[in-house]
Amino acid sequence: MTSQTIHIATDERGVARLTLTRPDKHNALSAEMIDALTSAVRDLGNDKTVRVVVLTGEGASFCAGGDLGWMRAQFDATRAGRMVEARRLAMLFKALNELPKPLIARVQGNAFGGGIGVLSVCDMVIAASTARFGLTEVRLGIIPATISPYVVARIGEANARPLFLSGKIIDAWQAHATGLLSRVVAEEALDEAVEAEIRHFLSASPQAAARAKALARSVGRPITDGMIDDVVEQLADAWETEEAREGITAFFDKRQPNWRQA
Ligand SMILES: C/C(=C\C(=O)SCCNC(=O)CCNC(=O)[C@H](O)C(C)(C)COP(=O)(O)OP(=O)(O)OC[C@H]1O[C@@H](n2cnc3c(N)ncnc32)[C@H](O)[C@@H]1OP(=O)(O)O)CC(=O)O
């Protein structure tokens, strides 16, 4: 399946490569991309010939998070409208999290905001040593909301708090230390490292792997529908503040936000 924002190619072993294809926008998650990705992930989950899914981004970044143009366009929408858009994101992370197959992320360049949400629901994250990571939402006047249950489940509260509250950008080794990344390799060794992990996953029984994955995500810190409803509301609330308007406007104006005037 191919859309303008994603590309999927499946090989004879049943390895599906799902590529984000908005390189000119650093693969930011537009509404169109979110919907295409959510529906592709559901289809791959139902396709018995698919054994492993590899997620990657075309160009200089893995994924620059939520599309800020799409977010800016919601400033004058109603709260109900923003809730619909926030839920779109939440449904993407839910679908990725519940994909009943091994999901490997191949990460180059930047993974910011929603891009870290995507990584947090992968079973294995292999990143180039040159990659950079940031939960930059608070620098834009919004919050890491729909991604928060998955990020905290993955890296723990102690690692999440400073990143959530500062939006600071960290390198691949720092991200590895939090538990976000499974492996860090030289950029030129990325494909070889992904291939090695694919072979490990292919040696597992598909039904057993699906059951094991369901166990891994439900034991310890289950993510409930109520939790998802709550984070959707929280994103919609943060999205309508003057600070969000200032932060996102400042991004496009290529200047620092002025929080005092917001
Ligand atoms: C999921 C939730 C929230 C979020 O995810 S909020 C978004 C968080 N993401 C960011 O803060 C990243 C913003 N982008 C950047 O910091 C930089 O663009 C970059 C990725 C570091 C790349 O920098 P570089 O200088 O190489 O390139 P440009 O800045 O000139 O960008 C080129 C081009 O791409 C556009 N773009 C980049 N990121 C986004 C984006 N996130 N949304 C929309 N567009 C983006 C940029 O505007 C440029 O476009 P031009 O038309 O070429 O000017 C919510 C939750 O957690 O619930």
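Taking Cα atoms, how many degrees apart are the long axis of helix 190-202 and the longest axis of the chain, rounded to 10 and kept between 0 and 90?
That works out to roughly 60 degrees.
May I ask for the net charge around ASP237, where only other residues with Cβ less than 14 Å from the Cβ of ASP237 are counted and Lys, Arg are +1 while Asp, Glu are -1?
With Lys, Arg at +1 and Asp, Glu at -1, the neighbours total -4.
Given H placed on each backbone N at 1.01 Å, which residues far from VAL54 in sequence or on other chains put an amide H within less than 5 Å of it?
Counting only residues 5 or more places away or on other chains, the set is ALA16, ARG17, LEU18, ILE104.
Excluding same-chain pairs closer than 8 in sequence, count the lysine pairs in the chain whose Cα atoms lie under 24 Å apart.
9
Below 8 Å, C-alpha to C-alpha, sequence gap of six or more: please give me the relative contact order for region 6-188 in percent.
Computed over region 6-188, the figure is 19 percent.
Rg (Å, one decimal) plus Dmax (Å, integer) for the alpha carbons of the chain?
In order Rg, Dmax, the Cα atoms of the chain give 17.6, 58 Å.
Explain nothing, just the number: dipole magnitude of the chain about its Cα centre with +1 on each Lys and Arg Cβ and -1 on each Asp and Glu Cβ, in debye rounded to the nearest 20.
Magnitude of the dipole: close to 400 debye.
Could you tell me which residue out of THR10, GLY247, TYR150 lies farthest along the dipole of the chain toward its positive end? Charges go on the beta carbon: Lys and Arg +1, Asp and Glu -1, centred on the Cα centre.
TYR150
Could you state the accessible area per residue of region 6-188 in Å², with a 1.4 Å probe and every protein chain left in place?
37 Å²
Build a GNM of the chain with springs between Cα atoms under 10 Å: which of SER120, SER39, SER203 gets the top mean-square fluctuation?
SER203
Between helix 79-98 and the chain, what is the angle of the helix's C-alpha long axis to the longest principal axis, kept within 0 to 90° and rounded to the nearest 10?
Once rounded, one gets 20 degrees.
Count the DSSP beta bridges whose two residues both fall in the chain, then state the antiparallel fraction as a percent rounded to the nearest 5.
That works out to approximately 30 percent antiparallel.
Cα centroid distance between region 116-176 and region 75-100, in Å?
19 Å
Per residue, how much space in cubic angstrom lies within the convex hull of the C-alpha atoms of region 77-135?
76 Å³
Toward the positive end of the charge dipole of region 6-188, about the Cα centre and with charges on Cβ (Lys, Arg +1; Asp, Glu -1), which of GLY59, MET33, GLY167 goes farthest?
GLY167
What is the angle, in °, between the Cα long axis of helix 242-253 and the longest principal axis of the Cα atoms in the chain? Nearest 10 is fine, range 0 to 90.
That helix lies at roughly 70 degrees to the long axis.
Mind checking which of GLU137, GLU85, GLU195 has the largest fluctuation in a GNM of the chain, springs on alpha carbons under 10 Å?
Evaluated over the chain, the most mobile residue of the options is GLU195.
Find out how many positive minus negative residues lie around LEU215, taking Lys and Arg as positive, Asp and Glu as negative, among other residues whose Cβ is under 14 Å from that of LEU215.
+2
May I ask you to derive the relative contact order of region 175-262, considering only C-alpha pairs under 8 Å and at least 6 residues apart, and to give it as an integer percent?
12 percent
Within the chain, which is the longest segment containing none of the trypsin sites (Lys or Arg not before Pro) that sit in a DSSP loop and have at most 13 other Cβ atoms within 10 Å?
By the stated rule (loop sites, at most 13 other Cβ atoms within 10 Å), 49-253.
Identify which of VAL194, VAL125, VAL151 has the largest mean-square fluctuation in a Gaussian network model of the chain, with springs joining Cα atoms closer than 10 Å.
VAL194
The values are calculated or read from the model by the stated rules, or taken from the named source; none is laboratory data. Bear in mind that the values here come from a model prediction, so they are computed numbers and not experimental data. Virtual Cβ from ideal backbone geometry, glycine too; neighbours counted across all protein chains shown. Ligands, DNA and RNA are stripped out before the accessible areas are found, and what is left, the full protein with its side chains, is counted by its heavy atoms. Shrake-Rupley method; radii C 1.70, N 1.55, O 1.52, S 1.80 Å.
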